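A.B. asks: Handing you a structure now.
Only the coordinates and a few stated rules stand behind these numbers; no lab work does. These numbers come from a predicted model, not from an experiment. Because the Cβ atoms are built from the backbone with ideal geometry, glycine has one as well, and the counts that use them run over all protein chains shown.
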Amino acid sequence: MYSPYGNIAQNLQHPQPQHASSFLSQSQYGNTQGVPAQGAQGAAPGQAGGAPYSAFLNDPATSMAAQFAKSSFGSSNQYIQQNFGSFIPGTLDLNYYFKVSNSYVMKKIGLILFPYRNKNWSRLTASDPAISLGSTGIASPVGVATPGNISFAPPAYDVNAPDLYIPLMAFITYILLWSLFQGINGEFHPQLFGYLASQTLACSVLDIFIFKIGLYLLNCSTQSSMWDLIAFSGYKYVSIIVLLCWKHLIGGGWFIYYAVVLTVTANLSLFLMRSLKFLVLPSSDSVTSTASNSISSRQRKLRIQFLFIYAVVVQFFIILFMSR
């Protein structure tokens, strides 16, 4: 049956709702059917960009190149360590002077400040059976070769052996302490570190120069290297540190201070005279003695006088100047 209102009912149907994004995409940009979503478009470049890096890292050629670079660096590092001494003469012996232990450091400092309890001042050789291997923590007593082809035991095995650890640490501690006490007195300035370092090095160079000239004038055929002289010259900073601490922390007047200065200097002088005796005075029971070291009584007297002047007079003035 025909209804006159049929077309009107069809026209009055509710329209389907449409989102604004769909309307805009259809009206302005045309049909977007078949186009991947925005999230998919963002993921595709990331996947495409990450794939080349992962493929590069997993490439066998890359792994081979990395292994070759690692082996080349290791071999070059080993070559530098083995041949460093050929570039700078004397650096191969530095390893010997830093072979120390905690017990050695404590005994050495005690020996510098109070040398009266030590009965034997002779240095041990690397093959000496008296060396104890279990108390130092070092695998083997590899010594240093001297000009006389004598291999001495390292410092960790022999308290009479010179080292560079204590002089270096005492040198740095002296500069820091001196600057600290100047800061407490309100006289610190940044240039103080450079001034102290240059002054301390100048005193050390002068000290070594005096002893080296004396050995040359007295024709002493030493069986020691320059590092030994640097080590023995640096032990004075231990005594200077004690004097600085006494002066600024304990005090007690000038009379007591100079009494402490004389005591500390006398102990250091005795330590140096005992330790440097093998460089100046040859003895028949010393490992450094040779047939050519026989000297006359006059030469022996001159060497004793020089050793006394160096160990007592020179050290007293240097200590008094640096602990002022």
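A.B. asks: Using the count of nearby Cβ atoms within 10 Å as a rough guide to exposure, how do Val159, Val312 rank from fewest to most? Present the calculation step by step, with values, prior to reporting the outcome.
C.D. replies: Working: Val159 19, Val312 16.
So the ranking, lowest neighbour count to highest, is Val312, Val159.
A.B. asks: Leu192 versus Leu176, label points 7 Å from Cα toward the beta carbon: distance in nm?
C.D. replies: Between Leu192 and Leu176, the simple spin-label model gives 1.5 nm.
A.B. asks: What order do you get for Leu124, Leu217, Leu281 when you list them from fewest to most C-beta neighbours inside 10 Å? Mind dumping the intermediate values first?
C.D. replies: Numbers: Leu124 21, Leu217 10, Leu281 18.
Ranking Leu124, Leu217, Leu281 by Cβ neighbours within 10 Å, fewest first, gives Leu217, Leu281, Leu124.
A.B. asks: Going by amide H atoms built from the backbone, whose H comes under 5 Å of the H on Phe152, apart from near neighbours?
C.D. replies: Ala126, Val144, Thr146
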